[in-house]
Amino acid sequence: MFHIPLRLVTCLTASLALLAPTLVTAESAHAAAKRIRLGSSADVSRGSWSGPAYTMNGSGAVVPATMTRAIDTIRGGTGTLDVVVIAASAPGSGSTTPECDTVMGLAGVNSCTTWTLTTRNDGNNSAANSDIRNAEFVYFAGGDQCD
């Protein structure tokens with residue numbers, strides 16, 4: 001049996017006591033908020049909006065017919081608008097922007113930006129908040145939005 005000096009045990013115990021709160025509250029490793037923008041890099045500047053409009057797909061993907069109806073309602077049938085997609089996790093498909101891939105093919109869309117926000121703190125991302133404030137349409141991607 002080997003013997004650990006009391007002084008070393010005391011030092012290790014004190015160090016662990018100081019580090020324990022940090023170890024317990026540390027957030028698991030994760031990717032930071034991720035932004036991918038398709039379409040124009042410049043935001044649309046609209047003098048007025050129409051609407052409101054909403055779409056609830058529930059099918060696991062953007063339904064072009066209902067999305068087109070919502071886009072046309074918001075833009076009043078003229079001009080273009082910017083769409084922001086909020087996702088809680090990376091998509092399982094091969095594309096990193098499956099919703100924006102569909103949205104960019106619809107009439108009246110200037111840009112579509114996907115924000116993947118995987119932690120509560122990602123909601124404080126100033127660039128994400130700016131994109132959301134400047135969007136004419138915000139779409140929540142499928143999955144568990146509680147994430």
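The values are calculated or read from the model by the stated rules, or taken from the named source; none is laboratory data. Everything numeric in this text was worked out from a predicted model, so none of it was measured. No Cβ is skipped: glycine too gets one built from the backbone with ideal geometry, and neighbour counts run over all protein chains shown. Calculation scope for accessible area: heavy atoms of the full protein, side chains included, ligands and nucleic acids excluded. Shrake-Rupley method; radii C 1.70, N 1.55, O 1.52, S 1.80 Å.
Quick notes
- Restricting the range 109-123 to residues that are surrounded by fewer than 20 Cβ atoms within 10 Å (Cβ to Cβ) and more than 11 Å from the chain's Cα centre (by Cα) leaves a set whose member that is nearest to R69 (Cα to Cα) is N110.
- Residue check for T25: under 24 Å from the mean Cα position of the chain (by Cα), of a type in the set (S, T, N, Q) and at pLDDT 80 or above: no
- Out of S89, S95, one residue alone is open to solvent by less than 40 Å² (accessible area, probe 1.4 Å) and out of contact with any Lys or Arg (no Cβ under 6 Å at 6 or more places or on another chain). It is S95.
- Taking the range 45-147 as the region of interest, the strands (runs of 3 or more DSSP E) fully inside it that hold 3 or more residues being among the hydroxyl-bearing types (S, T, Y) and within 14 Å of K34 (Cα to Cα) are 109-116.
- Of the candidates L8, L38, the single residue that is open to solvent by less than 90 Å² (accessible area, probe 1.4 Å) and either modelled with pLDDT of 80 or more or within 18 Å of the chain's Cα centre (by Cα) (or both) is L38.
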